[in-house]
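Engineer: Okay, handing you the structure first.
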Amino acid sequence: MESEYKHLQIGVRAAQAPKERRVLHRVWKYKLMYLLLLPACIWVFIFDYLPVYGISVAFMDYNFIKGMSGSEWAGLKYFQALFESDMFLTAFKNTLIINMYKMVSGFACPILLALALNEIRVKWFKKTLQTAVYLPRFVSWVVYGGIITLLLSPETGLINKAIEWFGGHPAYLLAEPGYFRFILVVTDAMKEMGWAAIIYIAAIAGLNPEVYEAAVVDGATRFQRILHVTLPGISGTIVVMFILRVGYIMSAGLDQIINLYNPMVLSVGDILDTYIYRVGIEQFNVSLAAAADAIKGIIGLAMVLITNQVAKRINDSGIF
């Protein structure tokens, strides 16, 4: 009885201790874990937070010789120039269209893949298939783009050989504006959905197996168990991943498009990332490129905040 009373007193004193002291005590208690986290924090600070200072370039006539401290301020001059540029507006429109397509395929495909892998009962086949769908994630877009180009080649490509076999005529599909966006969406989903499915597979593995057993006892079919047990169980993970995905709505994939597009499909394939690369690196107009990048960041942040609030109102789930 006395020991329980002492433990109760210790708990009361700990609760009454200043918040700063409790935080310091927690940090000291888990100091080794915080030490493991330190390299990641340093990396994020150097590559994510320090470059934010570079946004000021968008508001000045940047001169490479004078640097940021010696360049003159230009106000909103470059933002106005962007919205008066037809090339920027075309890139902006293409970015939104391609990303909306990718959000549908790139968000739904990993969920469907995770559900399908979870239903496989033969362990060796399940592990083999998981490895096969993960592998493309570790291939760079330089190599992957080369493989796609070979597959779609009008002369030796496997796709065109199949078209000829069915009586059609070969075509250079990567140079056809009508097919280019479809190719971007399909190849992106094929490359990334295996890796993106890992999070959903982990969320499914954390579900209580007793719920599945109860559903089987109640006579639920496999599809009904997916619909009424698995999907509601991972709904929080789905919402969080969707919010994070919306944050990249203005980034349609520089690595992919720069390795696949050509002047023939510039009208449908030029996005903000390629526009910024072309203006900033090839034309050395750093201020204009920084202004375009700032617009990307502002829209992405706004979309995350809006989507998070909507998700919290609908499902009471969000990232903050």
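Engineer: I want the local charge near Tyr277. Using Cβ-Cβ distances under 14 Å, sum +1 for each Lys or Arg and -1 for each Asp or Glu among the other residues.
Structural biologist: For residues surrounding Tyr277, the net value is -3.
Engineer: If you add up the charges near Leu174, with Lys and Arg at +1 and Asp and Glu at -1, over every other residue whose beta carbon is less than 14 angstrom from its beta carbon, what do you get?
Structural biologist: Net charge in that neighbourhood comes out at -1.
Engineer: Here's another thing I want to ask about it. Say a paramagnetic label sat at a point 7 Å from the Cα of Leu96, along Cα to Cβ; which residues of segment 270-298 have their backbone N under 14 Å from it?
Structural biologist: So the set is 272, 296.
Engineer: Also, quick follow-up: To the nearest 20 debye, what charge dipole does the chain have about its Cα centre, counting +1 at the Cβ of each Lys and Arg and -1 at the Cβ of each Asp and Glu? Let's see the in-between values first.
Structural biologist: Details: 27 positive and 23 negative charges, 249 e Å.
Magnitude of the dipole: close to 1200 debye.
Engineer: Find, among the trypsin sites (Lys or Arg not before Pro) in segment 66-108, those assigned to loop by DSSP (not H, G, I, E, B) with at most 16 other beta-carbon atoms within 10 angstrom.
Structural biologist: Counting only loop positions with at most 16 other Cβ atoms within 10 Å, the trypsin sites (Lys or Arg not before Pro) in segment 66-108 are Lys66.
Engineer: Can you tell which of Leu76, Leu173, Ile120 lies farthest toward the positive end of the dipole of segment 33-174, using +1 and -1 charges on the Cβ of basic and acidic side chains (Lys, Arg; Asp, Glu)?
Structural biologist: Working it through, the farthest residue towards the positive pole turns out to be Ile120.
Engineer: For Phe242 and Tyr49 in the same chain, what is the full-extension length gain: residue separation times 0.36 nm, less their Cα-Cα distance, in nm?
Structural biologist: 67.1 nm
Engineer: Where in segment 158-203 are there chymotrypsin sites (Phe, Trp or Tyr not before Pro) that are in a DSSP coil and have at most 12 other Cβ atoms within 10 angstrom of their Cβ?
Structural biologist: The qualifying sites are Phe166.
Engineer: State which helices in the chain qualify, where a helix is a whole DSSP H run, it must extend 24 Å or more along its own axis by its Cα atoms, and its mean Kyte-Doolittle hydropathy must be at least 0.0.
Structural biologist: In the chain, the long hydrophobic H runs are 86-118, 177-205, 286-315.
Engineer: For Lys127, which lysines qualify as cross-link partners when the Cα separation must be under 26 Å and same-chain residues fewer than eight apart are set aside?
Structural biologist: Partners within reach: Lys191.
Engineer: When only DSSP loop residues count, what GluC sites (Glu not before Pro) in segment 209-307 have their Cβ near at most 10 other Cβ atoms within 10 Å? Present the calculation step by step, with values, prior to reporting the outcome.
Structural biologist: Details: sites: Glu210, Glu213, Glu282; in loops: none.
Passing both the DSSP loop test and the Cβ count: no residue.
Engineer: Full-extension gain between Leu24 and Glu164, please, as 0.36 nm times their residue separation minus the C-alpha to C-alpha distance.
Structural biologist: 43.4 nm
Engineer: Now for a different question. Step through the residues of segment 47-53 one at a time and calculate ³J(HN,Hα) from phi using the Karplus curve (6.51 cos²θ - 1.76 cosθ + 1.60, θ = phi - 60°), rounding each to whole Hz and writing x for Gly and Pro.
Structural biologist: Going residue by residue, I get 9, 10, 9, 4, x, 4, 4 Hz, with x marking Gly and Pro.
Engineer: Continuing with the same structure: Please work out the Cα center distance from segment 258-320 to segment 95-141, rounded to the nearest Å.
Structural biologist: Answer, in whole Å: 24.
Read-outs throughout are calculated quantities, based only on the coordinates presented, and are distinct from any laboratory measurement. As the structure is a computational prediction, the values presented were derived from the model and not from experiment. In this analysis, Cβ positions are derived from the backbone assuming ideal geometry, glycine residues included, and neighbour counts consider all displayed protein chains.
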